[in-house]
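Report on the following structure.
The values are calculated or read from the model by the stated rules, or taken from the named source; none is laboratory data. Because the structure is a prediction, the values reported are computed rather than measured. Methodologically, a virtual Cβ is constructed for each residue, glycine included, from the backbone with ideal geometry; neighbour enumeration extends over all protein chains shown. Accessible surface is based on the protein model in full, side chains and every heavy atom, while ligands, DNA and RNA are left aside. Shrake-Rupley method; radii C 1.70, N 1.55, O 1.52, S 1.80 Å.
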Amino acid sequence: MSDASPLALAQRLIACPSVTPAMGSVFDEMESMLTPLGFEVLRTVDGAAPDGPVENLLATRKGPQGSRHFAFAGHLDVVPPGEGWASDAFEPEIRGDLLYGRGAVDMKGSIACMVAALADIPAEAGTITFIITGDEEGPARHGTLALMDHMAVRGIVPDLCLVGEPTSVNRLGDMMKIGRRGSVNIFLGVDGVQGHVAYPHLADNPAPKLVAMLAELDALVLDEGTDWFQPSNLEITEIMIGNPAHNVIPAKAEARISIRFNDLHSGASLSEKVVKIAESHGGWARPVISGEPFLTEPGEFSDMLADAIRAETGVEPELSTSGGTSDARFLKNVCPVIEFGLNNATMHKRDEAVAVADLDVLTRIYARVAKAALA
Ligand SMILES: [Zn+2]
């Protein structure tokens, strides 16, 4: 097994503990893989407490003047291992056909495949950039966003970007993500006047107002979905009054809702709508937008990826917008972005594992896509 095999590279990355935010050794490994391949590697530490500092890596290998520019994006941080692993989460171990270790699929395995794919992509083919953050699984305020600032300063503008999140479901190649829904969490409340239940004219009960507000919000039909997205949905996730007494009208009533929304909305447009409804019931709303939706319309890029997947696996990939948010929600502001990677069955679980054979297949898919994108 040569040292540049995706398996060997994945083992090197998994062996560096990198619970989010990732710092230090895992980036040393990444740099030592890319530098000998002709990449100019920039390592930065971005942000400050409470959501930083965060380590990031931006690496570019310039192709000939005027050539196309393709980017691989991903994260080297991982979620905590949790309890009950059969082997140490940060000591990669092969058992049977599988390589075990935290990050095997999400997403050190995919990053190893991106690096291994370079063996098949000559420098003359075009410019390649790696956009690698140490904070995707955490608050992600100083991760890919900071990398995008560093890119802007240096004039690094890829034509297309592939994010290596684990998108495959039952077998490698069966799903890519061409978009993701956005997410906004909203705190709601009504302030009243506390008093005796027997003397309601001396009090102002916030509970019925909150109930009416929530009923109106729950009845909203945000949309019917689009060609590529399921309908947006609003869920009531908490209702809080916390009143232990039978004979006291409470002083305040609060709730939380969470909205997952498609590209017919923005976080701001939904926040404004909810604030208006809350205020019409004498209450207040405090929205926290955690991600905007993105959609890369099916076309040239998704075709390239589907062709590569079909050629290497025989599988016809589904184009999906399901699942939670990812760094693609930021990168869509730079260029068209699609997510494709390993099987996600064990991501974030104990005994996270990747099929060793899948690493070779994904490496060949990534090489095909990059070459098609640079052509
Ligand atoms: Zn991930």
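Given labels modelled 7 Å from the Cα in the Cβ direction, how far is it in nm from Ala86 to Asp3?
A separation of 3.1 nm, rounded to one decimal place.
Calculated FRET efficiency, Ala375 and Arg141, Cβ-Cβ r, R0 30 Å, to nearest 0.05?
FRET efficiency, Ala375 to Arg141: 0.25.
When the Kirkwood radius is taken over all Cα pairs of region 147-216, what Stokes-Einstein diffusion coefficient follows at 37 °C and 0.692 mPa s, in µm²/s?
Estimated via Stokes-Einstein, D reaches 178 µm²/s.
How much accessible area does Lys332 have with a 1.4 Å probe, in Å² rounded to the nearest 10?
Estimated to the nearest 10 Å², Lys332 gives 70 Å².
Roughly how many nanometres apart are two label points built 7 Å out from the Cα toward the Cβ at Glu300 and Asp204?
5.9
Report Ser266's accessible area, 1.4 Å probe, all protein chains in place, as a number in Å² to the nearest 10.
About 40 Å², rounded to the nearest 10.
I'd like the projected area of region 1-109, averaged over all directions, using the convex hull of its alpha carbons. Report it in nm² with one decimal.
Hull-based average projected area comes out at 8.7 nm².
Please compute the contact order of the chain in relative form: average sequence separation of alpha-carbon pairs under 8 Å and at least six residues apart, divided by the residue count, as a percent.
25
Ignoring GluC sites (Glu not before Pro) that are buried or in helix or strand per DSSP, and keeping those with at most 15 other beta carbon atoms within 10 Å, what is the longest stretch of the chain between them?
Value returned for the longest uninterrupted segment is 225-375.
Within the set Lys177/Lys209; Lys108/Lys177; Lys252/Lys276; Lys209/Lys332, which residue pairs have Cα atoms separated by over 29 Å?
Lys177/Lys209; Lys209/Lys332
Under 18 Å Cα-Cα from Lys62, which lysines qualify once same-chain neighbours fewer than 8 residues away are excluded?
Lys371
Quote to one decimal, in nm, the extra length available between Trp228 and Val45 on full extension: 0.36 nm per residue of separation minus the C-alpha distance between them.
Full extension of this stretch gives 62.2 nm more.
Report the rotationally averaged projected area of region 227-375 based on its alpha-carbon convex hull, in square nanometres.
Taking a quarter of the hull surface, the average projection is 13.5 nm².
Okay, helix-only estimate at 222 nm for the chain: each DSSP H run of n ≥ 4 adds -39500 (n - 2.57), divide by all residues, round to 500 deg cm²/dmol; what do you get?
So the calculated ellipticity at 222 nm is -8500 deg cm²/dmol.
State the extension gain, in nm to one decimal, for the chain segment bounded by Val193 and Arg95, taking 0.36 nm per residue of separation less the distance between their alpha-carbons.
Taking Val193 through Arg95 to full extension adds about 28.9 nm, to one decimal.
Tell me, what is the FRET efficiency for Asp149 and Val221 to the nearest 0.05, using R0 = 45 angstrom and their Cβ-Cβ distance as r?
Approximately 0.70, to the nearest 0.05.
Report the rotationally averaged projected area of region 182-291 based on its alpha-carbon convex hull, in square nanometres.
6.9
If Rh is defined by the Kirkwood formula over all Cα pairs and Rg also comes from Cα, what ratio Rg/Rh do you get for the chain?
Result for the chain is an Rg/Rh of 1.07.
Angle between the Cα long axis of helix 300-313 and the longest principal axis of the chain, 0 to 90 degrees, nearest 10?
Helix 300-313 sits at roughly 60 degrees to that axis.
Using a simple spin-label model with points 7 Å from Cα along the Cα→Cβ vector, what separation in nm is obtained for Lys276 and Cys335?
3.9
Under 10 Å, Cα contacts only: if you run a Gaussian network model on the chain, which one of Ile132, Ile236, Ile309 comes out with the highest mean-square fluctuation?
In this elastic network of the chain, the residue with the biggest mean-square fluctuation among Ile132, Ile236, Ile309 is Ile236.
Return the single residue from Asn205, Asn247, Asn170 with maximal mean-square fluctuation; model: Gaussian network over the chain, springs between Cα atoms under 10 Å.
Asn247
Keeping all protein chains in place, calculate the accessible area per residue for region 182-291 (probe 1.4 angstrom), answer in Å².
55
Can you figure out the FRET efficiency of Asp307 with Ile241, using R₀ = 51 Å and their beta-carbon distance, to the nearest 0.05?
0.35
Stretch Ser269-Glu316 to full length: gain in nm at 0.36 nm per residue minus the Cα-Cα span?
Roughly 13.3 nm would be gained on extension.
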